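Remarks on the structure that follows.
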Amino acid sequence: MPSNSNSSPSSSSSDNDDRNPNSNPDPSPNPKPNVKPVSIDQSLDAIENQLASISMSSRSPTATVDDEEEVGEEEGQPVEQLKITNGSLSEEIGEEGVTDSIEDEHIASSSMAESSGVIKESPPFVWRNNLEAHEVERPLSPSSSGYAGEMGSTSGGDEIIDDDEDGNEIREVGNDGVLGSHEQRISGKRHRDEDDASVSWRKRKKHFFILSHSGKPIYSRYGDEHKLAGFSATLQAIISFVENGRDRVKLVRAGKHQVVFLVKGPIYLVCISCTEEPYESLRGQLELLYGQMILILTKSVNRCFEKNPKFDMTSLLGGTDAVFSSLIHSFSWNPATFLHAYSCLPLAYATRQAAGAILHDIAGSGILFALLMCKHKVISLVGAQKASLHPDDILLLSNFIMSSESFRTSESFSPICLPRFNPMAFLYAYVHYFDMDTYLVLLTTSSDAFYHLKDSRIRIESVLLKSNVLSEVQRSLVDGGMHIEDLPVDPISRAGTVSSHLGQPRAATDFPGRLGDAFVGIGGPAGLWHFIYRSISLDQYVSSEFSSPINSLKQQKRLYRAYQRLYASMHDGNGPHKTQFRRDENYVLLCWVTQDFELYAAFDPLADKALAIKVCNRVCQWVKDVENEIFLLGASPFSW
Amino acid sequence: MGLKSENGASEAIKLCVFDLRRGQTEGQELDKILFFYPADLPLSAQLSVIGLSEGLITFTRIFSPEAPCEVIEAEVHSHVFYEAEPDIWMVMVVEKDKESEAIWRIDALRKVLEEVHSLFVMFHGSIRTLVDKEPTGGLVRTHLYYFIMDFLSAFEKRSPLEYCCWDFSIGKKLQLPNFRESLKERGTIQMLTVGREAAIEVQSLVRVLESCAGNTQCYSLTMFQDLLVSSNLSPIDAVRLFTYAVLRLTPLALSSGVSSWSSSRKGNTACNTSAGAVLANSGLVVDQYYNSPDASALGSRSYPVVRPLQHAKWSKGKDGFLVTDIWGADVNNLVCTSPTIWLNQTEEKMYLLAYQHRGLTMMLLIPVSSVNGEQGIAMVKQQILENASLKMFKVEEKLSRGWGGENAYHVSGYRYLLMDGDRYISRASPPGKVTTLTKESLIAFCKLREEVDSEKSRAKWDNSGCEKDLELSIRAKNNAWLIARLTRGKELYMVLEKANETLLYASDAVEKFSERYCNGVFSLD
């Protein structure tokens, strides 16, 4: 029966309240961000401070988006670009580059710099002491911000979207083949008033916790971390109890609930869920959550724990709630989270070529990776020689950028770490939005490359405008991707007539209502409802648009979960298996894994087996016919 | 992973029974433990197993009050939980080892716990009753100790040269049902298929047999070899008695008992083994108990313990009735006390009379309350010999003529398991045929069953009463087809190694099987 009967009137009403932007919990900073144990040397304090500044603390509610965006200079206006001075501090940071970003010496010096009161003059990379304290005291002005791209700052104007688990649905259907794609609207923490004593908290369908090995809470999806200290200590006790028996706890199952544990050095991650997702999926989600944390802090944070096991990390992640919320939300709509592949925005081959060519031109000149993205989909990406970008890094990076409101409003330059690329080091990301959905990310190892990257961006922008790439992107957003209704009856007969949109003549105006639930497709042949095709060599996947009867968000999420289970079942540790046919009360699911691709298809539960197999073959042929448009070819991140 | 336990074989399996209502105050935690295997594990280690278990039961109740902890999966160990009775928990800890045979299906392990508990209840009544009867816990501990140790001996990995003893603590390795037994279902009955004519004869025999007990309401269970022919017991009671019969009463069980057990152990240990001496190595709990002031009176009685699972204690008497001194005997050791069991359905204590002629074993259950002790039993036996024995000979002859031997239910080309969950009945490919499957197929199939298990339990929590309908066919990496079909409470599992590669071919094979052997239950159209 329906696996997503998760809606309860009470919880949805409370979520409605939360949608009020003003209910965004007061992100008041930790009053005592850096408690310094006497025994710890100064450099460690400096690390804490540095990490605190890296993580960007929460802002006072008076902060506006503009306030948060711009960096730096006393005279800086909100729209002014950040200016990098050649201060010795930024030099040092730059030199560290890829190898290691949190070096004690430079931290020490930075803390000295700060204590000597250079804050206001400091260059964009201001490693300030006691960031929060300062923030609270001073009225925010454009110059008060430490650096650009305040990570995960929660601005008051964000619409809070319902989380996916407590009976609410994803707000909108994306027209791009994935479940509602407005994750960027998700704001920070919800239900902060709850703790483990609250009935509502206990009934949440999916909890995520990050804690330190000493049991200190670092992050909790619901409730205030500090109020959950006792609960966090319990989790730590369970983990260490099992460790004492020379073992490592992975999973506890109780009725519909699963408690999944992941230990990453001094960081413990725990998920408590009754969402019926397989263990492997939940574990993968914890891995991504950890990756997201590394993206913000790098793995060097471990050293803080080496020096002080009781180190309190919450302050380092202050203000990043939105990033984690949005990632957790994506676990219930974005197939990339379990497929470990990325998806591309469908575009005419020539258009994507044009975008790729200009990225290619600028890449190499100190740029490690250049990505042109539309929401979570790749338009084009280019890496410097031999550098490769893992799909999980793309996922985490785009989640980080889209969930941080500050990136949206003007160009930013911000340190980030790509956990699969090098978990120990910061890279520097230049981010610029060309429009609401389309943004450019240029990654470099050099901390003072801002102006260079800005120039590159200007070059890219002019080419994109000239070659109409940006308008084509908008057009693709409206048109969507592969519609199962368009599945060619006979692939060969139309081979020569590939028209403008994925093999089928289609005007954007055909489906004016596609953005909402209103769009009703007629379904595909033989009861085909939906499919996902993953190209193994390209590390990319394409997912068909939703069609009747997978109209409602609830149905889409249920299908997503079914795919997730199918994926886990096919890759069960002994596999991958070759074929799977599964019929239950909701669907017929067919999965076909070869060396080249994986196909996941959903049919009407009454679908005829033989016909369904034929249709799957046609889908594969169709994908191959239009692969020029739906995939980024010849630019596989692993094939450089 | 470097997490391997260092203690080797003896630590590979732990099994404990504990009562959460006991030992509530600090320092009294030992009192919770009712049984622990291995008994020679240091008490601190025993307490840590119980502590973790209790901790996680409490923890999971925060989120899942109606269904607390069922399993802990760790890198090296699986902890399988079973709440046998309210607040009485059984926990089994097994070590995993991907390299060897130690790959488990959790539900199969839990079925072992369910089985030992249900058999215990059949012979001794509920654990709670025993705890309440004698609050110091000595009584229940003694009973559990003998019963579970005797039970576990069935899982001992025996080498031919080894004379078994039931002291598990000496480096013996227990072998629990692993992935190789995925085409089996514990806790179900295997039936003999009989023709119409034979069925009628069996029914008339059963009627005669039951009439021998006079007018009292009695029950019977008839078996041929290790297969059930007929029974009028409730399904739960039938499964329990059937399980016991296969373990200890059928011709096969009787013969294996004799061959693998040292005759020197055949002394009458049932009643007079000092529980204290035996339990001494289970540690302080018992010592504590025996040192307590009021222990002397009880201690001298040493808790008369009936050990129904003791090996090689049953034999076939000259008159054809199966006899045992498990339940004791009179002074001259000439007449053994008749065995009794508790029925789950009627909560009545019944005498168990078992008669065997070649492959045929007939069990008659007569309420203790309606028979005049051993004398009455002797009279019933006499009646049976006079009125039914000839008929039994005939039926046995008929059944054995129609029986195809141990491979009777082999279906060429198929390796299957067929289950009727409502009636606790299953049929499977003979074990000898299942062994022809490759390890890869069996491990992958074990995984598939785990997946189906979780689907089933999910369906159970989601919508009570609505049975899961599922069709699942996987072509594994090694090209074997792994198939599961669930419909209307019936389940069909298959491993097809020599099947064609197309899905349609595999479906067709299932269809044919369903039509031919399952009355089309699993056919789709």
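Among the helices (runs of 4 or more DSSP H) confined to the range B:369-444, the ones with at least 1 residues that are at pLDDT below 90, open to solvent by 60 Å² or more (accessible area, probe 1.4 Å) and not polar (S, T, N, Q) are located at B:373-387, B:389-402.
Listed by first and then second residue, the pairs linking a residue in the range A:195-206 that is in a helix (DSSP H, G or I) to a residue that is open to solvent by 60 Å² or more (accessible area, probe 1.4 Å), with Cβ atoms under 8 Å apart and 6 or more places separating them unless they lie on different chains, are A:Ser200/A:Ser10. Considered as a group, the residues in the range A:267-282 that are β-branched (Val, Ile, Thr) and not in a loop (DSSP other than H, G, I, E, B) include one that is surrounded by the fewest Cβ atoms within 10 Å (Cβ to Cβ), and that residue is A:Ile267. Considering (1) open to solvent by less than 10 Å² (accessible area, probe 1.4 Å); (2) within 13 Å of another protein chain (Cβ to nearest Cβ); (3) part of a strand (DSSP E or B), the lone condition that A:Trp592 does not fulfil carries the number (1).
Could you check the range B:358-368 and list, in sequence order, the residues that are farther than 20 Å from B:Val194 by Cβ and either of a type in the set (Lys, Arg) or outside any strand (DSSP E or B) (or both)? Scanning the range B:358-368 gives a single hit, B:Val368. Screening B:Ile72 with (1) more than 14 Å from chain A (Cβ to nearest Cβ); (2) in contact (Cβ under 8 Å) with a residue 12 or more places away in the chain gives one miss only, at (1). Selection within the range A:442-457: residues that are among the small types (Gly, Ala, Ser) and closer than 14 Å to A:Ser414 by Cβ. The member of this set that is surrounded by the most Cβ atoms within 10 Å (Cβ to Cβ) is A:Ser447.
For the range B:200-228, a residue qualifies if it is β-branched (Val, Ile, Thr) and part of a helix (DSSP H, G or I), and the qualifying residues are B:Ile200, B:Val202, B:Val206, B:Val208.
Restricting the range A:556-587 to residues that are of a type in the set (Lys, Arg) and within 10 Å of chain B (Cβ to nearest Cβ) leaves a set whose member that is farthest from the chain's Cα centre (by Cα) is A:Arg583.
Matching residues to (1) aliphatic (A, V, I, L, M); (2) more than 11 Å from chain B (Cβ to nearest Cβ); (3) within 17 Å of B:Lys96 (Cβ to Cβ):
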residue: A:Ser232; (1), (2), (3): no, yes, no
residue: A:Ala237; (1), (2), (3): yes, no, no
residue: A:Gly245; (1), (2), (3): no, no, yes
residue: A:Lys250; (1), (2), (3): no, no, yes
residue: A:Gln258; (1), (2), (3): no, no, no
residue: A:Tyr268; (1), (2), (3): no, yes, no
residue: A:Cys274; (1), (2), (3): no, no, no
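Mind listing whichever residues of the range B:104-149 are within 28 Å of B:Leu442 (Cα to Cα) and outside any helix (DSSP H, G or I)? B:Trp104, B:Arg105, listed by residue number. Evaluated against (1) within 11 Å of chain A (Cβ to nearest Cβ); (2) surrounded by 16 or more Cβ atoms within 10 Å (Cβ to Cβ); (3) at pLDDT below 90; (4) more than 26 Å from the chain's Cα centre (by Cα), B:Glu501 falls short on exactly one condition, (2). Restricting A:Ala370, A:Ala357 to those that are in contact with a helix residue (DSSP H, G or I) (Cβ under 9 Å, 6 or more places away or on another chain) and open to solvent by 10 Å² or more (accessible area, probe 1.4 Å) reduces the list to A:Ala357. Filtered by the rule that a residue be within 13 Å of chain A (Cβ to nearest Cβ) and of a type outside the set (Ser, Thr, Tyr), the range B:75-88 gives B:Glu75, B:Val76, B:His77, B:His79, B:Val80, B:Phe81, B:Glu83. Checked across the range A:247-262, the condition of being in contact with a helix residue (DSSP H, G or I) (Cβ under 6 Å, 6 or more places away or on another chain), among the basic types (Lys, Arg) and part of a loop (DSSP other than H, G, I, E, B) holds for at least one residue. Within the range B:5-24, does at least one residue satisfy the condition of being open to solvent by 50 Å² or more (accessible area, probe 1.4 Å), more than 12 Å from chain A (Cβ to nearest Cβ), under 25 Å from the mean Cα position of the chain (by Cα) and modelled with pLDDT of 95 or more? No - not one qualifying residue is present in the range B:5-24.
Residues that are more than 10 Å from chain A (Cβ to nearest Cβ), farther than 23 Å from A:Arg565 by Cβ and not in a strand (DSSP E or B) do not occur anywhere in the range B:467-475. The one condition from (1) open to solvent by 10 Å² or more (accessible area, probe 1.4 Å); (2) among the hydroxyl-bearing types (Ser, Thr, Tyr); (3) touching a residue at least 12 places away in the same chain (Cβ under 8 Å) that B:Ser514 does not meet is (1). Is it true that A:Asn617 is surrounded by fewer than 16 Cβ atoms within 10 Å (Cβ to Cβ) and not in a strand (DSSP E or B)? The answer is yes for A:Asn617. Mind checking which residues of the range B:68-103 are open to solvent by less than 10 Å² (accessible area, probe 1.4 Å) and under 19 Å from the mean Cα position of the chain (by Cα)? Those that are open to solvent by less than 10 Å² (accessible area, probe 1.4 Å) and under 19 Å from the mean Cα position of the chain (by Cα): B:Val80, B:Phe81, B:Ile88, B:Trp89, B:Met90, B:Val91, B:Met92, B:Val93, B:Val94. Looking at the range B:445-466, which of its residues are assigned to a helix (DSSP H, G or I) and farther than 19 Å from B:Arg485 by Cβ? The answer is B:Trp461, B:Asp462. In the list B:Ile50, B:Ile127, B:Ile57, B:Ile106, which residue meets the criterion of being open to solvent by less than 30 Å² (accessible area, probe 1.4 Å) and more than 13 Å from chain A (Cβ to nearest Cβ)? Being open to solvent by less than 30 Å² (accessible area, probe 1.4 Å) and more than 13 Å from chain A (Cβ to nearest Cβ) holds for just one of B:Ile50, B:Ile127, B:Ile57, B:Ile106, which is B:Ile127. No other residue among B:Thr136, B:Thr142 is open to solvent by less than 10 Å² (accessible area, probe 1.4 Å) and either more than 23 Å from the chain's Cα centre (by Cα) or within 30 Å of B:Trp327 (Cβ to Cβ) (or both) apart from B:Thr142.
The values are calculated or read from the model by the stated rules, or taken from the named source; none is laboratory data. Predicted, not measured: the structure shown is a model, and the values here were computed from it. Backbone-built Cβ (ideal geometry, glycine too); neighbour counts: all protein chains shown. Calculation scope for accessible area: heavy atoms of the full protein, side chains included, ligands and nucleic acids excluded. Shrake-Rupley method; radii C 1.70, N 1.55, O 1.52, S 1.80 Å.
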